[in-house]
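For reference, the structure is listed below as structure tokens.
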Amino acid sequence: GASERTIHAFGIDTFEELRPRFAEALDLVLRLLTEENVTWSGEYRTPLENITIQPRPLQQPHPPIWVGGGLSEISAELAAQHGLPFLLPSLFRWPVDYTDIVGFYRRRFAEFGHEGTPRVGFPSYVHVARTSQEAKARWRPYLEAYQSFASSLRGSHGRDTDYDALLAGPAIAGSPAEVIEEMHRVDELLGLDRHLVLMDAGGMAPSLVFESMELLAAELL
């Protein structure tokens, strides 16, 4: 989670404890998915003896697992170590702010000697309308409301977060042609394999969300 209230609800004292917990849990999940008989002990949960999960996964070696992170090299290192794809966070940070961590992940992936290509995903806040003016005017109150909520949990990261600044960075709004162009720019900047689209934020009416989704599907994808 993004707030201390979340981790305290699970009996965890500090954010620092989350990193080793996550690493241990990821290692265990991968073993359970790839091995049919697992005996295991660790620091953060009860031991397991001769455990087989059922049903067995259909995908080999296991179902798709992406490691989320991007605010430190620790998460990138963990993804690279296991040869897993790396998903950057939705924190209203500018795409360019992640180029160094993405470069680190790709370099460490190669150094660990994994087969295949390191894969990177990134989420953008997106709203599509028939015209640029309509999209940007219609989206403003909803994105501003969501950004205000999110900043209360995540704090400042040194960039302006007013509406116009967001549209120059982590948020994309406009006509289908504008959104296509901007999404391609982000894809090329980070070398993305997956581009997540976050369209329902700030209490937007379902009819507006559906309209934007339909334009995205029909004219962008």
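The values are calculated or read from the model by the stated rules, or taken from the named source; none is laboratory data. Treat the numbers as computed from the prediction; the structure is a model and nothing was measured. FYI the Cβ positions are ideal-geometry reconstructions off the backbone, even for glycines, and counts take in every protein chain you see. Accessible surface areas use protein heavy atoms only, side chains included; no ligands, DNA or RNA. Shrake-Rupley method; radii C 1.70, N 1.55, O 1.52, S 1.80 Å.
The figures follow:
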| item | result |
| --- | --- |
| Candidate set from the range 88-100 (those that are assigned to a helix (DSSP H, G or I) and either open to solvent by 20 Å² or more (accessible area, probe 1.4 Å) or touching a strand residue (DSSP E or B) at 6+ places or on another chain (Cβ under 6 Å) (or both)); member that is nearest to S151 (Cα to Cα) | D97 |
| Some residue of the range 125-141 being in contact with a Ser or Thr (Cβ under 8 Å, 6 or more places away or on another chain) and open to solvent by 70 Å² or more (accessible area, probe 1.4 Å) | yes |
| In the range 173-215, the residues that are assigned to a helix (DSSP H, G or I), open to solvent by 20 Å² or more (accessible area, probe 1.4 Å) and in contact with a helix residue (DSSP H, G or I) (Cβ under 8 Å, 6 or more places away or on another chain) | E178, I180, M183, L189, L208 |
| Residues satisfying the stated conditions in the range 43-52, i.e. touching a strand residue (DSSP E or B) at 6+ places or on another chain (Cβ under 9 Å) and either of a type in the set (F, W, Y) or open to solvent by less than 50 Å² (accessible area, probe 1.4 Å) (or both) | L48 |
| Residue within the range 112-131 that is in a helix (DSSP H, G or I) and over 18 Å from M213 (Cα atoms) present | no |
| Condition met for G202 (under 30 Å from P118 (Cα atoms) and touching a residue at least 60 places away in the same chain (Cβ under 8 Å)) | no |
| Residue in the range 158-169 that is within 19 Å of the chain's Cα centre (by Cα), closer than 30 Å to L26 by Cα, modelled with pLDDT under 95 and not in a loop (DSSP other than H, G, I, E, B) present | no |
| Number of positions in the range 154-167 that are under 27 Å from S3 (Cβ atoms) and either open to solvent by 70 Å² or more (accessible area, probe 1.4 Å) or of a type in the set (V, I, T) (or both) | 7 |
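The rows are residues; the columns are (1) in contact (Cβ under 8 Å) with a residue 12 or more places away in the chain; (2) open to solvent by 70 Å² or more (accessible area, probe 1.4 Å); (3) not in a helix (DSSP H, G or I).
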position	(1), (2), (3)
R5	no, yes, no
A25	yes, no, no
R31	no, no, no
P63	yes, no, yes
